[in-house]
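K.L.:
Take a look at the following structure, please.
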Amino acid sequence: MNVLIADYYLDEWHANNYQDFFDKSETGVKIKKAFALTDNKDGITNAEWAKRHGVELCDTVEEAVKDMDGVMILAPDNPERHLPLLKKFVKCGLPIFVDKPFAIRTDEAEEMYKLADENGVRLFSSSALRFANEFKEIKNADGIEYIETYGPKTEELYAVHQLEVIVALIGDKPTKVSRTVENGTTYYDISFTRKKARIRFRDEFGYRFYFKFKNGEKEITEVTDIFENSVKTIAEFFSTKT
């Protein structure tokens, strides 16, 4: 299965590592082509990146999508580029994965889904963190009453990881969200129909989760195999288009 990556610039962590994760997870996915809007001013050029990774660098959308099975829109640190990139590729008819965060504003997210619907294109976006091994045994049926998470301070880029784990495990839509800044610390309180959650931020990179159940509690201080597990779902999406 051959896929194209579309990025703001190619020399970034996700583009540099996705093929390794696809290989380690034995998905059969090969990143064959790449398309980017500009070079990384603090890294190598797109042409150098393509040569280093054995990927064909394409100048046009038409040549980029030819003989491909799917598109991965990356730009993980530049979500403001997701809508412009989607506009370029949404008419190709291929399933499109959009890296986190999906969009920077609600109206942009709604426009992206509208464009996909109008062109009969399937979209998929997800935080890799939700696929961590440690969450596989935790489900709504276990009686979750409260979740508290800690993650990196760059909330506009990383809060999505914590939020997606919360929503996926609770299995319900939030009814209320409040943001509080107290003594220089930011946190969000999220209310669901019968459950609650809190997202906190800290200086160091990494994630920590506390769960309160009807009959006990659990703390997770380390998450493993998040990308190895998530690429299996991405590969399945490209294969089934669902």
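The values are calculated or read from the model by the stated rules, or taken from the named source; none is laboratory data. These figures come from a predicted structure and were not determined experimentally. Using ideal geometry, Cβ is built from the backbone for each residue, glycine included, and neighbour counts are taken over all protein chains shown. Heads up: the accessible areas ignore ligands, DNA and RNA and are worked out on the full protein's heavy atoms, side chains in. Shrake-Rupley method; radii C 1.70, N 1.55, O 1.52, S 1.80 Å.
K.L.:
Would you look at the GNM of the chain, springs on alpha carbons closer than 10 Å, and say which of Asn17, Asn119, Asn215 moves the most?
P.N.:
Most flexible of the set in this elastic network: Asn215.
K.L.:
Classify the chain as rounded, prolate or oblate, taking a ≥ b ≥ c as the square roots of the eigenvalues of its Cα gyration tensor: rounded when a/c is under 1.5, otherwise prolate if a/b is larger than b/c and oblate if not. Before the final figure, lay out the partial values.
P.N.:
Values: a/c = 1.81, a/b = 1.78, b/c = 1.02.
It is prolate, given that a/c is not under 1.5 and a/b is the larger ratio.
K.L.:
Quick one: compute the contact order of segment 1-134, relative version, from alpha carbon pairs under 8 angstrom and 6+ residues apart, as a percent.
P.N.:
On the way: 224 pairs, mean separation 31.0, N = 134.
So the answer I get is 23 percent.
K.L.:
Further question on the same structure: Specify which residue in the list Val231, Met112, Gly143 is farthest towards the positive end of the charge dipole of the chain, using unit charges on the beta carbon of Lys, Arg (+1) and Asp, Glu (-1), about the Cα centre.
P.N.:
The Cα lying farthest towards the positive end belongs to Gly143.
K.L.:
Averaged per residue, what accessible surface does segment 61-164 expose to a 1.4 Å probe, in Å²?
P.N.:
Numbers: 4760 Å² over 104 residues.
I get 46 Å² per residue for this part.
K.L.:
Rounding to the nearest 20 debye, state how big the charge dipole of segment 142-242 is about its Cα centre with +1 on each Lys and Arg Cβ and -1 on each Asp and Glu Cβ.
P.N.:
Values: 16 positive and 17 negative charges, 96 e Å.
Roughly 460 debye for segment 142-242.
K.L.:
Sticking with this structure for a sec: Of Phe209, Leu169, Thr221, which is farthest towards the positive pole of segment 138-242's charge dipole, taken about the Cα centre with +1 and -1 on the beta-carbons of Lys, Arg and Asp, Glu respectively?
P.N.:
Leu169
K.L.:
OK, next. Could you pull out the pairs from Lys176/Lys241; Lys88/Lys173; Lys24/Lys100; Lys32/Lys88 whose alpha carbons sit more than 25 Å apart here?
P.N.:
Details: Lys176/Lys241 33 Å; Lys88/Lys173 32 Å; Lys24/Lys100 22 Å; Lys32/Lys88 18 Å.
In this structure, Lys176/Lys241; Lys88/Lys173 lie more than 25 Å apart at Cα.
K.L.:
Here is a further query. Once you have a ≥ b ≥ c as the square roots of the Cα gyration tensor eigenvalues for segment 1-64, tell me rounded if a/c is under 1.5, and otherwise prolate or oblate according to whether a/b is larger than b/c.
P.N.:
Details: a/c = 2.21, a/b = 1.34, b/c = 1.64.
Oblate shape, in that a/c is at least 1.5 and b/c is the bigger or equal ratio.
K.L.:
So, one more: Nearest 20 debye, what's the magnitude of the dipole of segment 137-177 about its Cα centre given +1 on Lys and Arg Cβ and -1 on Asp and Glu Cβ?
P.N.:
Computed charge dipole of segment 137-177: roughly 120 debye.
K.L.:
Any idea which of Trp13, Ala34, Met1 is furthest toward the positive side of the dipole for segment 1-60, if Lys and Arg beta-carbons carry +1 and Asp and Glu beta-carbons -1?
P.N.:
About the Cα centre, the residue reaching furthest to the positive side is Met1.
K.L.:
For the chain, what is the charge dipole size about the Cα centre, in debye to the nearest 20, if Lys and Arg each add +1 at the Cβ and Asp and Glu each add -1 at the Cβ? Walk me through the numbers before you get to the answer.
P.N.:
On the way: 35 positive and 43 negative charges, 160 e Å.
The dipole magnitude comes to about 760 debye.
K.L.:
In whole Hz, what ³J(HN,Hα) sequence does segment 77-82 give by Karplus (6.51, -1.76, 1.60; θ = phi - 60°), x for Gly and Pro?
P.N.:
Ordered by residue, 3J(HN,Hα) equals 9, 9, x, 5, 8, 5 Hz.
K.L.:
Find the relative contact order for the chain and round it to a whole percent, using C-alpha pairs within less than 8 Å whose residues are 6+ positions apart.
P.N.:
On the way: 457 pairs, mean separation 44.9, N = 242.
Normalised by residue count, the contact order of the chain is 19 percent.
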